[in-house]
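Report on the structure given below.
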Amino acid sequence: MRKVGCLGGTFDPVHKGHLALAKRVMKAFQLDEIWFIPTKDTPLKDRSCTPFSVRLNMLKIACKPYRKFKVCTIENELPTPSYTIQTVKELKKRYPDVLFHWIVGDDQVAQFSAWKNIDELLDMIQFIAVNRNQVDIQDERLWVMHDVKLKESSTRVRQGYFNDCPKGVRNYILKNEYYLEDVVLAHCSEKRARHVFSMTEVCLALAKKHGVNHHEARMAGMLHDLCKEQNFDEMMNVMNIEYPELLRYSPKIFHSFTAIPWIKENMGYTNQKVLRAIFNHTICHSKSKLSRIVFIADKIDPSRGYDSSSLYETSLRNLEAGYQKVLKERDEYLVKEGEHVQ
């Protein structure tokens, strides 16, 4: 009989750790294939998932290079809520010539008491428990794989570490702008996040009016303050290494510079127009429409609490006129605060 390991999960999103784990389990327990089974919903999680079709697309991209990795959509065909015992019964019914093994993490083992009909399930199929957290697993019904250390997690990816995913998945996420809200909320305070979301809406309105790419405007808006609340020592370390010539500026604007290496290294995003717009959103030494839109939107964002409607209307009618007015107000503010006019 064919021996198949079933790796279920939300895969929101799938990452390199999932693939490395699948390879190791397949080798250790001499399995013929690994089937990745994305859940339709998650009875034991308190967060809503990215749509099934999106998670499925990412899984297909991740598994494509591996002949022995398959993606199984059975849970999308079963009634909700989705329980593992339903999935296992249907798998055994559809594939009587396959010997299935169910792969779980030690965190899931700790929740077995909440699983539907767990004892019946453990009698129906061999479970393989992956011990990532050095937990003492005593259940003799489980096969255990010890000393599994993986830095990647779907939570970490949703926080902006897109390079933890296979390249194709990372590019799919970036192209379709998935998880951007999660990234902002992971790195910004609630107040800062409100500004980012509000300012991005201004970016998009100005971009639409002035023929600037929608994707680039949204990416620049959503990521412009990613390092605003970065640890000061970390920020200074990046500045000293990457931008020593810019140390003449106020530390208040260093975040617009330090965001660039962070985005490149962790998100794998390299669109130069967007990166330049983020870099320039405080100083704006650029004639790029996108850079000027981001500069304007950051300054006139209505969530800042003052009436910027006149500047907004001017910028909608004439981007250059709006830019010059915002620039003038910015410089007047810097003089008032006794800071260097950029």
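The values are calculated or read from the model by the stated rules, or taken from the named source; none is laboratory data. Source: prediction; values computed, not measured. Cβ: placed from backbone, ideal geometry, glycine included. Neighbour counts: every protein chain shown. Heavy atoms of the whole protein, side chains included, go into the accessibility calculation; ligands, DNA and RNA do not. Shrake-Rupley method; radii C 1.70, N 1.55, O 1.52, S 1.80 Å.
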Of the residues that make up the range 278-290, is at least one in a helix (DSSP H, G or I), under 24 Å from residue 197 (Cβ atoms) and out of contact with any Ser or Thr (no Cβ under 9 Å at 6 or more places or on another chain)? yes
Evaluate the following for residue 112: is it under 25 Å from residue 64 (Cα atoms) and either out of contact with any Phe, Trp or Tyr (no Cβ under 7 Å at 6 or more places or on another chain) or modelled with pLDDT under 90 (or both)? no
Report the residue count in the range 254-288 for those that are open to solvent by 20 Å² or more (accessible area, probe 1.4 Å) and among the β-branched types (Val, Ile, Thr). 1
Looking at the range 260-274, can you tell me whether even one residue there is modelled with pLDDT of 95 or more, in a loop (DSSP other than H, G, I, E, B) and polar (S, T, N, Q)? yes
Any residue at all in the range 38-55 that's closer than 25 Å to residue 96 by Cα, crowded, with 18+ Cβ neighbours inside 10 Å and more than 20 Å from the chain's Cα centre (by Cα)? no
Of all residues in the range 192-232 being more than 18 Å from residue 263 (Cα to Cα), surrounded by fewer than 15 Cβ atoms within 10 Å (Cβ to Cβ) and not basic (Lys, Arg), which is farthest from the chain's Cα centre (by Cα)? 211
Which of the residues belonging to the range 1-33 are assigned to a loop (DSSP other than H, G, I, E, B), surrounded by 23 or more Cβ atoms within 10 Å (Cβ to Cβ) and in contact with a strand residue (DSSP E or B) (Cβ under 9 Å, 6 or more places away or on another chain)? 11, 12, 14
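Need a quick list: helices (runs of 4 or more DSSP H) entirely within the range 54-138 having at least 1 residues that are in contact (Cβ under 8 Å) with a residue 40 or more places away in the chain and either of a type outside the set (A, V, I, L, M, F, W, C) or out of contact with any strand residue (DSSP E or B) (no Cβ under 7 Å at 6 or more places or on another chain) (or both). Walk me through it before giving the result.
Values: elements: 74-77, 84-94, 106-109, 118-124.
Once the helices (runs of 4 or more DSSP H) in the range 54-138 are filtered for at least 1 residues that are in contact (Cβ under 8 Å) with a residue 40 or more places away in the chain and either of a type outside the set (A, V, I, L, M, F, W, C) or out of contact with any strand residue (DSSP E or B) (no Cβ under 7 Å at 6 or more places or on another chain) (or both), what remains is 74-77, 84-94.
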Return yes or no: is residue 151 in contact with a Gly (Cβ under 9 Å, 6 or more places away or on another chain), in contact (Cβ under 8 Å) with a residue 40 or more places away in the chain and more than 19 Å from residue 34 (Cβ to Cβ)? yes
Among (1) over 21 Å from residue 285 (Cα atoms); (2) polar (S, T, N, Q); (3) open to solvent by less than 60 Å² (accessible area, probe 1.4 Å) - the single one residue 237 does not satisfy: (3)
Taking into account only those residues within the range 146-171 that are of a type in the set (A, V, I, L, M) and either part of a helix (DSSP H, G or I) or modelled with pLDDT of 90 or more (or both), which is surrounded by the fewest Cβ atoms within 10 Å (Cβ to Cβ)? 169
Could you identify the single residue in 198, 256 that is touching a Cys at 6+ places or on another chain (Cβ under 9 Å) and polar (S, T, N, Q)? 256
Please go through the range 255-290 and pick out each residue that is in contact with a helix residue (DSSP H, G or I) (Cβ under 7 Å, 6 or more places away or on another chain) and free of Cβ contacts under 8 Å to residues at least 24 places away in the same chain. 257, 260, 261, 270, 275, 276, 279, 286, 288
